[in-house]
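The values are calculated or read from the model by the stated rules, or taken from the named source; none is laboratory data. Note that the structure is a prediction, hence the values are computed from the model and not measured. Cβ atoms come from the backbone with ideal geometry, glycine included; neighbour counts cover every protein chain shown.
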Amino acid sequence: MTPPANVHGTAIVIGTRGFLFIGPSGTGKSAVALHCIGEARARGLFAALVSDDQVFVSETNGRLIARAPESIAGLAEVRGAGIVAVQTIEAAVLIRAIRPMEPPFTERLPPEGETVTVLPSLLLPLTRLPLFPSVSAFSTLIAIHPEILES
C-alpha cells in the first residue's frame, strides 16, 4: 500500500464503482458528482459521496482507493450555497476519472484510450463528460458507460 496522495477532485461511488471527478476549481465537479448521486439513487442504485474537494488516494494491490481526509469527511461544498452534510461511504475503489466539460468543445471526439495520472505509477481511464443545460449529466454518463446500471 502506498501512502495516500491528496488529489484535488470529488470521489463518489455508484453501485460498486468509484469515480473521481477532476478539473480546475469552479468547473462544477461537486455539483455534477452530487447530481449523479441523486440520479443514481432515483434509479434505485446505491450511490454515495466518498470525498469532496480533496481526496486521499492510495494504491493497494494495483487498485486505487479513495478516502476522505478526516477534517472534511461527510461534507460537500455546494458553490453559492455553502457546506452541506452528505451521506458518505468510507472508501471506494476508483475505476475511472470523469472530467466535466462545458461547450464549446475544441475537439469533436476525445483521444482514444485517454487516461489521467492519479499516482505516479497508476493511471485511470478518463471520460470527458459534456455538460449541457437541458441534459442530465447522469444520463450522459450512462450513455457513455451503460455498465453503471449493472452495479
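Select from segment 55-99 the residues that are within 25 Å of residue 136 (Cα to Cα) and assigned to a loop (DSSP other than H, G, I, E, B) and list them in ascending order. Residues satisfying the conditions are 74, 79, 80, 81, 86, 87, 89.
Candidates in segment 107-144 are the residues that are of a type in the set (S, T, N, Q) and touching a strand residue (DSSP E or B) at 6+ places or on another chain (Cβ under 8 Å); of these, the one that is farthest from residue 55 (Cα to Cα) is 140.
If you go through segment 100-146 and keep only what is in contact (Cβ under 8 Å) with a residue 60 or more places away in the chain, out of contact with any helix residue (DSSP H, G or I) (no Cβ under 8 Å at 6 or more places or on another chain) and either loosely packed, with under 13 Cβ neighbours inside 10 Å or in a loop (DSSP other than H, G, I, E, B) (or both), you end up with 102, 121. Show the residue pairs meeting these rules: Cβ distance below 8 Å; 6+ apart or different chains; first residue within segment 17-36 and part of a loop (DSSP other than H, G, I, E, B); second residue at pLDDT 95 or above and surrounded by 23 or more Cβ atoms within 10 Å (Cβ to Cβ). Every condition considered, the pairs that remain are 22/9; 22/97; 22/98; 23/9. Scanning segment 29-59 for residues that are over 11 Å from the mean Cα position of the chain (by Cα) and either small (Gly, Ala, Ser) or closer than 15 Å to residue 72 by Cβ (or both) returns 38, 40, 42, 44, 47, 54, 56, 57, 58.
Report whether or not residue 44 is exposed (fewer than 15 other Cβ atoms within 10 Å of the Cβ) and either at positive phi or among the β-branched types (Val, Ile, Thr) (or both).
Here the answer is yes, as residue 44 does meet what is asked.
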